[in-house]
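> After the structure tokens below, expect a handful of questions from me.
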Amino acid sequence: MAGYLGKILWVDLTSKDFKEEAPSEDIYQNYLGGYGLGVYYIYKNLKPKTDPLGPDNILGFCPGLFTGTLAPLTGRCMVCAKSPLTLTWGDSNIGGFLGVSIKRAGWDAIFFTGASTEPVYLLAGDENPELIDASDLWGLDAVETEKKLKERHGKNAQAAIIGPAGENQSLISGIVSSGGRIAARSGLGAVMGSKNLKAICLNGKGKVDHVDKATTLVLVKEYNKRLNRNMDNLGAKMATKIGPSFATFMRLTKGNMSQSHAIATRVFRLFGTSFATNVQIAIGDTPVKNFAGVGYRDFPDKIAKEFNTQNLKRWITGSQGCFNCPIQCGHVMKVPELNIERTHRPEYETLASFGPLVMNKDVEKVVEINDYLNRAGMDTISAGVTVAFAIECCEKGILVKKDFACKEFPDGFLPGWGEPEYLMPLLRMMVNKEGIGEYLAKGVQEASRHIGKGSSELAMAANGQEIPMHDPRKIKGLMVTYLTDPTPGRHTAAGLEYSSIGEINNFIDKIKFKLGKDPLVAGAEHARWAKVMQVINSIGLCEYATWFEKYPLLEFFKSITGWGYTVDDIYKIGWRIQVLRQMFNAREEKIKFDIPNRALGNPPLKKGPLANVRVKPARFIKEYFKHMGFDDKGVPKQETLEQLGLDFCIKDLENASGSPIPEFE
Ligand code: SF4
């Protein structure tokens with residue numbers, strides 16, 4: 001047994017019982033770790049149509065199969081449950097040190113069932129796991145809670161924590177770790193809050209074995225050598241020096257974010273995700289003014305440049321990142337202007353969602369919001385999209401000043417585009433579920449249902465989850481990802497067009513793709529990439545790794561676990577995991593294609609890089625379904641289930657349902 005530990009932990013929060021389970025080797029071989037293992041156990045143990053905020057939902061913390069090993073960039077961990085936001089399969093990916101700490105505590109995954117009547121936290125490590133009263137931690141933000149847990153259980157203890165947003169069961173709340181990293185998406189903080197589980201705290205010192213450590217070390221050394229060569233690449237040096245000054249040129253030439261391995265390595269090591277936010281705004285990748293604006297007109301380059309990492313350097317005190325990652329793409333900052341001693345640099349998604357999306361031109365305000373939401377445990381993407389929705393509702397007279405009455409503003413206030421002073425009060429209302437904040441804390445789709453008056457067309461969500469900061473009118477393949485991945489509205493889910501921003505055909509030996517716009521080819525290739533992506537996620541490999549360097553995936557499988565997998569094995573394992581995630585949604589009768597017309601370019605924008613762009617993904621989706629072995633409504637076929645050894649799902653087909661693919665005209 002190597003790579004994995006052969007043990008998972010079940011914690012019943014109602015009865016306070018612990019149960020250890022030893023999965024057989026074939027479960028690991030067929031589902032790996034991460035959300036592969038998560039979906040296997042949750043699918044089998046969760047009754048269909050379970051209330052996601054009731055005690056019967058199952059919450060899993062699942063590090064990748066390779067997490068804790070020497071394989072670089074494999075420190076990612078997945079939190080899984082039925083999502084209260086989308087009512088579909090929910091998972092959320094988190095970096096930092098959470099995954100490796102679960103492994104060091106002796107577990108390949110920890111699943112929670114039931115609900116405690118009083119706040120508790122789980123302590124697991126060298127001693128037997130125990131549930132500890134967390135009444136004194138309830139109400140504290142995630143960073144304060146982490147500090148207290150470290151004081152009690154040692155400075156090396158790691159934790160996954162909910163802040164006030166999760167305690168209040170906001171449907172856009174997440175789970176925080178490592179001082180401000182967050183499993184933000186799918187609303188899983190609310191699931192943890194509904195169970196009265198404030199935190200899990202891990203202080204184990206165990207190790208993960210390798211079948212052949214010497215070979216693994218050689219592979220790691222070669223990989224790191226390639227990364228270092230990228231850092232010295234002259235073209236990459238030039239690109240990282242002058243790239244952001246090409247925003248106008250890129251816009252005029254309809255450029256995209258394509259980059260070589262060398263450039264991506266250098267960009268992420270030195271600047272992280274927000275190296276060229278201004279270019280993304282200019283070319284139409286970044287949505288502006290709730291997806292109705294035009295970058296160069298509404299958010300000109302002079303201001304947009306302030307949202308690049310380079311402009312945040314005055315506050316940056318060092319790099320930080322995930323366990324065993326040679327890139328370390330994040331930064332920590334000290335911001336005296338805001339009295340903040342230590343905080344994380346906002347990532348691109350946050351800079352975009354609280355910058356151009358809401359037309360806020362004050363980058364310091366984004367830093368303040370990022371710190372606040374990471375502490376409160378609220379997803380910055382969903383929160384930004386929801387704030388943009390509320391502002392547009394005000395602009396159109398759907399919401400009025402008195403709708404925003406709160407303790408801070410008893411007569412209300414009227415948030416408008418580019419008015420940063422109202423952002424924090426509005427977010428505080430959402431986190432604390434005060435006044436209209438109670439509805440906005442449920443995300444845009446639920447909020448628009450409550451508000452009515454035609455506001456659903458302003459609610460930028462895909463199947464219930466707020467659309468991330470990559471406009472599907474620019475990267476059209478992402479529309480398919482947003483609508484068809486079992487966790488909808490996610491840019492980090494399998495999307496070939498998005499992943500091929502990097503040198504996708506130079507990532508894994510013998511795995512190559514035909515890239516192009518023809519929906520017949522694109523659908524098939526997207527399906528093949530979706531299979532590979534499930535493996536990437538289930539071993540805990542960071543998705544950015546696809547952009548950096550050739551990765552010795554099969555070689556690591558052999559040297560870490562001893563499994564001699566072929567490329568066909570990779571496709572089959574990934575296919576199995578994706579089909580099971582899809583089957584989860586079919587069983588819930590939640591396969592749908594719910595997206596506002598604006599995201600489809602209907603009607604199209606009149607100006608800018610997305611002028612006259614319409615997105616019509618019907619044929620693409622049809623081909624994707626065909627190549628995944630789904631019927632034309634997205635339900636996995638019986639023969640697909642049989643072929644993948646998912647026979648335990650066949651009985652569920654009787655009550656499963658999908659939806660016809662709309663024409664999107
Ligand atoms: S590249 Fe960044 S996000 Fe990915 S593993 Fe490394 S530090 Fe984490």
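Where a number appears in this text, it was derived from the coordinates with a stated rule and is not lab data. The structure displayed is predicted, hence computed values, not measured ones. Using ideal geometry, Cβ is built from the backbone for each residue, glycine included, and neighbour counts are taken over all protein chains shown.
> Full-extension gain between Asn156 and Asn505, please, as 0.36 nm times their residue separation minus the C-alpha to C-alpha distance.
Contour length minus the Cα-Cα distance gives 121.7 nm.
> Setting aside same-chain residues fewer than 8 positions from Lys254, which aspartates and glutamates have a Cα under 13 Å from its Cα?
Partners within reach: Asp285.
> Rounded to whole Hz and in sequence order, give me ³J(HN,Hα) for region 91-100 from the Karplus expression 6.51 cos²θ - 1.76 cosθ + 1.60, θ = phi - 60°, writing x for Gly and Pro.
Using θ = phi - 60°, the values come out as 9, 8, 9, 9, x, x, 10, 5, x, 5 Hz.
> Would you mind checking the pairs Lys572/Lys622; Lys572/Lys637; Lys150/Lys205; Lys7/Lys155; Lys510/Lys622; Lys47/Lys82 and listing those with alpha carbons more than 19 angstrom apart?
Beyond 19 Å between Cα atoms: Lys572/Lys622; Lys7/Lys155; Lys510/Lys622.
> Could I ask something else about it? Work out the charge dipole of region 214-466 with +1 on the Cβ of Lys and Arg and -1 on the Cβ of Asp and Glu about the Cα centre, then indicate which of Gly377, Pro326, Ser455 is farthest towards its positive end.
Pro326
> Sorted from largest to smallest, which semi-axis lengths in Å does the alpha carbon gyration tensor of region 123-205 give for its equivalent ellipsoid, taking the root of 5 times each eigenvalue?
Three semi-axes, in Å: 21, 13, 12.
> While we're here: Which one, Ala160, Ser116, Ala105, is farthest towards the positive end of the dipole of region 105-204 when Lys and Arg carry +1 and Asp and Glu -1 on their Cβ?
The residue sitting farthest along the positive end of the dipole is Ala160.
> On to the next question. Non-local amide H neighbours of Gln328 (under 5 Å, H modeled in plane, Pro and chain starts lacking H): which ones?
Under 5 Å from the amide H of Gln328 lie the amide H atoms of Cys322, each far enough along the sequence or on another chain.
> Amide H neighbours of Gly75 under 5 Å, at least 5 residues apart or on other chains, H built in the peptide plane: list them.
Placed amide hydrogens put Cys542 under 5 Å from Gly75.
> Along the charge dipole of the chain, which of Ile42, Trp529, Leu137 sits closest to the positive end, that is, farthest toward it, with unit charges on the beta carbon of Lys, Arg, Asp and Glu (+1, +1, -1, -1)?
Of the options given, the answer is Trp529.
> Dimensions of the chain along principal axes (Cα, Å, largest first)?
59, 55, 54
> Only four residue types carry charge here, +1 at the Cβ of Lys and Arg and -1 at the Cβ of Asp and Glu. Report the dipole size of region 601-647 about the Cα centre in Debye, rounded to the nearest 20.
680 debye
> While we're on this one: If we count every other residue with Cβ under 13 angstrom of Ser194's Cβ, Lys/Arg +1 and Asp/Glu -1, where does the sum land?
Residues close to Ser194 contribute a combined charge of 0.
> Please state the charge dipole magnitude for region 273-314, taken about the Cα centre, from unit charges on C-beta atoms (+1 on K and R, -1 on D and E), reported in debye and rounded to the nearest 20.
160 debye
> Let me ask something else about it. Could you size up the charge dipole of region 214-466 around its Cα centre, putting +1 on the beta carbon of Lys and Arg and -1 on that of Asp and Glu, and report it in debye to the nearest 20?
Computed about the Cα centre, the dipole is about 1020 debye.
> Still on this structure: How high is the relative contact order of region 333-463? Use alpha-carbon pairs under 8 Å, at least six apart in sequence, and give a whole percent.
The normalised contact order for region 333-463 reaches 20 percent.
> Please list 3J(HN,Hα) in residue order for region 302-309, calculated via the Karplus relation 6.51 cos²θ - 1.76 cosθ + 1.60 where θ = phi - 60°; whole Hz, with x for glycine and proline.
Coupling constants for region 302-309: 4, 7, 4, 4, 5, 9, 8, 3 Hz.
> Say R0 is 51 Å: what FRET efficiency, to the nearest 0.05, do Leu270 and Ile650 get from their beta-carbon distance?
Step by step, r from the Cβ atoms, then E = 0.50.
> Lys and Arg at +1, Asp and Glu at -1: add these up for the other residues within a Cβ distance under 12 Å of Leu131 and post the number.
-2
> Could you pull the Rg and Dmax for region 323-473, using just the Cα atoms, both in Å?
According to the Cα coordinates of region 323-473, Rg and Dmax are 15.6, 52 Å.
> Sum up the lysine pairs in region 279-393 that clear both bars: alpha-carbon distance under 12 Å and a spacing of 8 or more or different chains.
Lysine pairs satisfying the spacing and distance rule in region 279-393 number 4.
> Something else about it: Evaluate the relative contact order of region 8-202 (contact order divided by residue number), counting alpha-carbon pairs under 8 angstrom at least 6 apart; express in whole percent.
This gives 22 percent for region 8-202.
> Hey, another quick one. What residues have an amide H closer than 5 Å to that of Leu605, excluding those fewer than 5 places away on the same chain, when H is modeled at 1.01 Å from N in the peptide plane?
Amide H neighbours of Leu605: Asn612, Val613.
> Could I ask something else about it? Over region 8-202, what is the percentage of antiparallel beta bridges among all DSSP beta bridges, to the nearest 5?
75 percent
> Restricting to the chain, what percent of DSSP beta bridges are antiparallel, rounded to 5?
Roughly 80 percent of the DSSP beta bridges within the chain come out antiparallel.
> Counting alpha carbon pairs within less than 8 Å and at least 6 residues apart, what relative contact order, in whole percent, applies to region 477-655?
In percent, rounded to a whole number, it is 24.
> Under 12 Å from the Cβ of Leu520, count the other residues' Cβ atoms, weight Lys and Arg +1, Asp and Glu -1, and hand me the total.
Its environment carries a net charge of +2.
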